[in-house]
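The values are calculated or read from the model by the stated rules, or taken from the named source; none is laboratory data. The structure presented is a predicted model; accordingly, all values stated were derived computationally and were not measured. Every residue, glycine among them, receives a Cβ derived from its backbone with ideal geometry; neighbour counts consider all protein chains shown. Calculation scope for accessible area: heavy atoms of the full protein, side chains included, ligands and nucleic acids excluded. Shrake-Rupley method; radii C 1.70, N 1.55, O 1.52, S 1.80 Å.
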Amino acid sequence: MRLLLLFIFFLSGNSFSEEGVEVNKSRLLLLPASTVERSATQQYGQLLRTASERGLLNRDPAQLERLRRIARELIPYATRFNKGAEKWRWEVNLISSKTVNAFCMPGGKIAFFTGILEALQLTDDEVSTIMGHEIGHALLEHGRARMSEQLLKNIGVSAAAMMLNLGQVSTELLAQTANLAVSLPYARKQESDADLVGLELSARAGHDPRAAITVWQKMTRYAQGAGRGQPPQFLSTHPSNENRIREIEANLPKVLPLYRKAQ
Ligand SMILES: [Zn+2]
């Protein structure tokens, strides 16, 4: 147990910002941010190479430019939630695939699949909602927390601590851990915190945060309509339900003034 305490950095449950939303930072952060970001960059590079080899990378210049513009609008407010984001090398890419999904990996590596844009016919404000939510996961270091948890599960506390100390966590092990970190659902609290960050980033960037309601409604309708087909991947990691929408509605009064100011 002492070892655990030595190597796991417990951050106090601090919340942010004098105005806007309140969220908690991740607690279990065994892996250094730099290690996690390096691993994410490698995973992201691999994804882009695979997509590019298959002719599926950034084939729609208009949609790509739209995504990159919205990212440019949101990013200036990212450091409100994570000071380290100042040094992130943000990237936004679009992959041609029917997959209904989007993500932002640790360190600001964003990918959208054409499936999510087309299936849900997303408006700019709705893209901002989803992008802001995904950026929220990255800023609150949910991926880093999960990679840390996975590493502990896989190899145990003492081995993890020793390997980290010696700089011997293999890139392969990290890659496995990083893969799990984007393919498993987040905890409910992490989901609602990412929603809140998304609301605030959107509002500050001048995107209507009320789009968060329509986007989750669309997502739910789409999932129901998908019938016997595969449910959208995005929903398997981001369950949508009445509670989620109610909580978003309850937090709108905190961000609507920011939206009005930004307009
Ligand atoms: Zn999420």
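Would you confirm, using the coordinates I've provided, whether THR129 is within 30 Å of GLN224 (Cα to Cα), away from the ligand (no atom under 13 Å from the Cβ), modelled with pLDDT of 85 or more and in contact with a helix residue (DSSP H, G or I) (Cβ under 9 Å, 6 or more places away or on another chain)?
Answer is no for this residue.
Please work out if VAL100 is of a type in the set (Val, Ile, Thr) and under 16 Å from ARG69 (Cβ atoms).
no
Report every pair of residues separated by at least 6 positions or lying on different chains whose Cβ atoms are under 8 Å apart, first residue within the range 235-257 and touching a residue at least 12 places away in the same chain (Cβ under 8 Å) and open to solvent by 20 Å² or more (accessible area, probe 1.4 Å), second of a type in the set (Asp, Glu) and not in a helix (DSSP H, G or I).
From the range 235-257, the pairs are LYS254/GLU19; PRO257/GLU19.
SER39 versus (1) surrounded by fewer than 18 Cβ atoms within 10 Å (Cβ to Cβ); (2) within 17 Å of GLY107 (Cα to Cα): which is the lone unmet condition?
Among (1) surrounded by fewer than 18 Cβ atoms within 10 Å (Cβ to Cβ); (2) within 17 Å of GLY107 (Cα to Cα), the lone unmet condition for SER39 is (1).
With (1) closer than 21 Å to ALA212 by Cα; (2) within 13 Å of the ligand (Cβ to nearest atom) as the list, and LEU120 as the residue in question, which single condition is left unmet?
(2)
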